[in-house]
Amino acid sequence: MCTLLEDPTTDNCNCATASATDTVGYVHSVETCGTVDGPGLRYVLFLNGCPLRCMYCHNPDAQGKPHGEQKSPETVIEDVIKYRNFIKDGGLTISGGEPLMQPQFVEETFKLAKEAGLHTTLDTSGFLGHKASDELLDNTDLVLLDIKSWSPLTYKYVTGVCVDNTVKFAKRLEERGNKVWIRFVLVPGLTDNAKNVDGLAEFVATLGNVERVEILPFHKMGEHKYAAAGLDYKLKDTPTPTKGEVDAVQRIFAKHGVETFV
């Protein structure tokens, strides 16, 4: 049985209420011209709160229950629209943290975004996919689904939670016809096991709604945040993957007819 060390997903965190006028999101940061979180230039809203404890997390300060600066969906969209000319070929991405810890806020923000003619992207681990309502997903143009590992043991070791919810969410998205980009972080000595990669590639090949698969080479850009918070960065001695290691993973996906991008 997979359990959390704490349960930050409970509704008593008051991270969102039922009324659109009262709903607020707990915001970590904003990137106004993001280039890696969906198609085109994007306004990327990073939310606080995440039940996972990914060993390579680049926003460890966003973990735990939602916290920090509060913004309403209306305030967010007002700010996004200021950048409309820059992101006209992109749109709005909500990331985290884990945005589905604040599903009501995401739902209302995406609804307003669609009313404003903006493309919407949800960047999620899928662990809380069951909290995403059909209305939320109806207003989501693209889901960036981060699958950290296929091996249940490796997934639990890397994230602290089970992979089952992510798999269920992936299947639900296919049944609904939501467009999906799969993201897989390649960590030498951790997620690069050939059997692990092969299992993921085989699963992805069964999903008819996947438009793109991205191999994300492990990096240490968030290491300084651990030091600043007095946290132990467990992957400090882990190297970035070599071109040969990345190529090997791409060949495994290709064997299953899945094109990948780095």
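The values are calculated or read from the model by the stated rules, or taken from the named source; none is laboratory data. Predicted model only: the values in this text are computed from it and were never measured. Glycine gets a Cβ as well: all are built from the backbone with ideal geometry, and neighbour counts include every protein chain shown.
Quick look at the values:
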read-out	value
THR166 being at pLDDT 95 or above, at negative phi and in contact with an Asp or Glu (Cβ under 6 Å, 6 or more places away or on another chain)	no
Number of the condition not met by GLY40 [criteria: (1) under 16 Å from LEU144 (Cβ atoms); (2) outside any strand (DSSP E or B); (3) in contact with a Leu (Cβ under 8 Å, 6 or more places away or on another chain)]	(3)
Filtered residues of region 52-74 (kept if assigned to a helix (DSSP H, G or I) and either loosely packed, with under 15 Cβ neighbours inside 10 Å or at pLDDT below 95 (or both))	PRO60, ASP61, ALA62, GLU74
Unique match (being of a type in the set (A, V, I, L, M, F, W, C), closer than 27 Å to LYS82 by Cα and touching a residue at least 60 places away in the same chain (Cβ under 8 Å)) among LEU190, LEU144	LEU144
Any hit, region 29-47, residues being within 17 Å of GLU108 (Cβ to Cβ) and under 14 Å from the mean Cα position of the chain (by Cα)	yes
